[in-house]
Amino acid sequence: MVIEILKPLMLVGETLIYPGILFSFAVAIFTQWFRRKAYARMQNRMGPTYTGLAGTLQPFADYVKLFFKEDIVVIRGYTKLPAFLLALAIGALVAILLMLPICPYSVYAPYDIIIAAYLLIWPTVTLAALGFLTPSPYGAMGSSRLLTLTIAYEVAFIISILTPVVLASRILRAQYSLYLTSIYSWLLWTNPVLIPLIIISLLTAIISLQCKLLDKPFDIPEAEQEIVAGPFTEYSGPKLAFIIFIHDMEQYVNSLIIVFLFLGGVAPFVEGPLWAQIVTVIVKYIIVVLVLTWIKAMVARFRVDQAIKMLWKYIVPLSLFALIVSSII
Amino acid sequence: MVVLETAVSMFIVTLLAYGLYLYSVKVTKSFSRKTREKVLIYACGEDITEKEALLADRHLYITIWNEVFKPLYDSLRGKVHTGILNDWFFWMFMALIIAYAVIIMLGGVSGY
């Protein structure tokens, strides 16, 4: 009875503090710092060094600086609608966090993967809409390119994350739930028949996530040598801070989804102490971020047609193959 | 229930983030100066009118059409649209088989 009364309060607490907005902000700062540092080291540079210990507070300083800068809106551009859309995208990303096992009282139900997939698409829709809310040729071009990529990488990413969900639901009764699949996913690695399917879908998920994050070789919508910053060209101040925050949040949330669905979450410490489980998730998360950064540092940018060809010719069919086989066996 | 809980969570964060944006605008209003140069459309130094910068809605999917569907259509037209009646029957027959396969995979049509 007491738990039932406290439930709404817990939901508010989870949304605002852990794993909600406050915790996400801290992780976003860490992730951005880590990626910048790792990316710089891979290019034989130093990366952030000035603010905080080894530059750890540089992303925080950047956020504060942008937040207290003037919000410039160009002629005939929308003022409040972009800010509202950006706020909605941040809300969608925080809502997904409540469906993962890092949340003390996770929100879950049978077939909730549909809601998760819906929420995962929200930030992309927002970022694509931004380019059309200001009269800018670069913005429109960037948004058009982003929408073109979306029809390939969103399909690939959703199909990729469906593979472990379908496997766990058919074999381990995870009920097509993101939370339950995250709990049972480590058991999929104990069956040698399923391992190739998990590996294939993990690879396709990582490549499509690279595209989702608009990192090289898929940074076509914001290719600065061609179209300045694409959909974000005319944004400054708090809106630009929100855009960067959404990028960091997407990195954080999607990497966590990969950790829990494909890399077994807290395994091999499923029955172990809490600190060991936390350390395991952090290590796996850093590995995923490092792999994404490594790909970014290693390759050059694709053209739109090359990216689309690669995604539709190899990534989507591979992920679809894994999904079909997992729904048959 | 899960829909309600995620919706509430999303709503709270949206309100908070939008409130923060409004706060930022309020704070920066005191020291910001609106100038004509600031609100001009950025075009890498070129002169561009508002009319040129605004694109029609139909251009939203133009890259998708040009980069994905047009090459696909061009290659399909060469291979499929041969002008021979038997080829047309063959493709219609294939479409029918695919439709039946999808219906059967989805559990079939329940009878009376």
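Tabulated results
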read-out	value
Helix A:137-172 vs. chain A, principal-axis angle (Cα, 0 to 90°, nearest 10)	10
Helix-only mean residue ellipticity at 222 nm for chain A, each DSSP H run of n ≥ 4 adding -39500 (n - 2.57), per residue, nearest 500	-22500 deg cm²/dmol
Taking B:82, A:148 and counting other C-beta atoms within 10 Å, the order from fewest to most	B:82, A:148
Estimated distance in nm for a label pair at residue A:195 and residue A:118, the labels positioned 7 Å out from Cα along Cα-to-Cβ	3.9
For region B:2-82: rounded, prolate or oblate by the Cα gyration tensor [a/c cutoff 1.5]	oblate
GNM flexibility winner over chain A from A:66, A:274, A:172 (Cα, springs under 10 Å)	A:274
Relative contact order %, region A:49-161, counting alpha carbon pairs below 8 Å whose residues are six or more apart	22
Simple label model, 7 Å out from Cα along Cβ direction - residue B:70 to residue B:85, nm	3.6
Percent of alpha-carbon pairs separated by more than 36 Å within the protein assembly as shown	33
Positive-end residue of B:8, B:20, B:99, charge dipole of region B:1-108 with Cβ unit charges	B:20
Efficiency of FRET from Cβ geometry, residue A:17 and residue A:79, R₀ 30 Å, rounded to 0.05	0.45
Size of charge dipole - chain B - debye, nearest 20, with Cβ of Lys, Arg +1 and Asp, Glu -1, no other charges	480
Label-point gap, in nm, between residue B:104 and residue B:50 - each point 7 angstrom along Cα→Cβ	6.2
10 Å Cβ neighbours from other chains, averaged over peptide A:64-74	4
Ascending count of other beta-carbon atoms within 10 Å, so fewest first, for A:103, B:44	B:44, A:103
Exposure proxy order (Cβ contacts within 10 Å, fewest to most) of A:219, A:71	A:219, A:71
Loop-resident sites, region A:1-103, for chymotrypsin sites (Phe, Trp or Tyr not before Pro), counting at most 11 other Cβ within 10 Å (DSSP)	A:50
Partners for residue B:29 among aspartates and glutamates (Cα-Cα distance below 12 Å; same-chain residues under 8 apart left out)	A:70, A:71
Helix runs (DSSP H) in chain B reaching 24 Å along axis by Cα, Kyte-Doolittle at least -0.5	B:2-29, B:85-105
Chain lengthening between residue B:62 and residue B:77 when straightened (0.36 nm per residue, less Cα-Cα)	3.4 nm
FRET efficiency, 1/(1 + (r/R0)^6) with R0 56 Å, evaluated for residue A:303 and residue B:94 via beta carbons	0.95
Straight-distance crosslink candidates among aspartates and glutamates, where the alpha carbon sits under 20 Å from residue A:7 and sequence neighbours closer than 8 are dropped	A:112, B:5
Rel. contact order, % - alpha carbon contacts under 8 angstrom, at least six apart, chain A	24
Rounded, prolate or oblate (a/c below 1.5 giving rounded, otherwise prolate when a/b exceeds b/c) for region A:1-84 by Cα gyration tensor	oblate
Tilt relative to chain A, helix A:178-188 - C-alpha long axis, 0 to 90 degrees, to 10	60
Pairs beyond 28 Å (Cα-Cα), from A:313/B:79; A:239/B:70; A:239/B:34; A:37/A:212; A:309/B:38	A:239/B:70; A:309/B:38
Angle in degrees between helix A:21-42 and the longest Cα principal axis of chain A, rounded to the nearest 10	80
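Values quoted throughout were computed directly from the atomic coordinates according to the rules given, and no laboratory measurement underlies them. Computed from a predicted structure; not experimentally measured. Because the Cβ atoms are built from the backbone with ideal geometry, glycine has one as well, and the counts that use them run over all protein chains shown.
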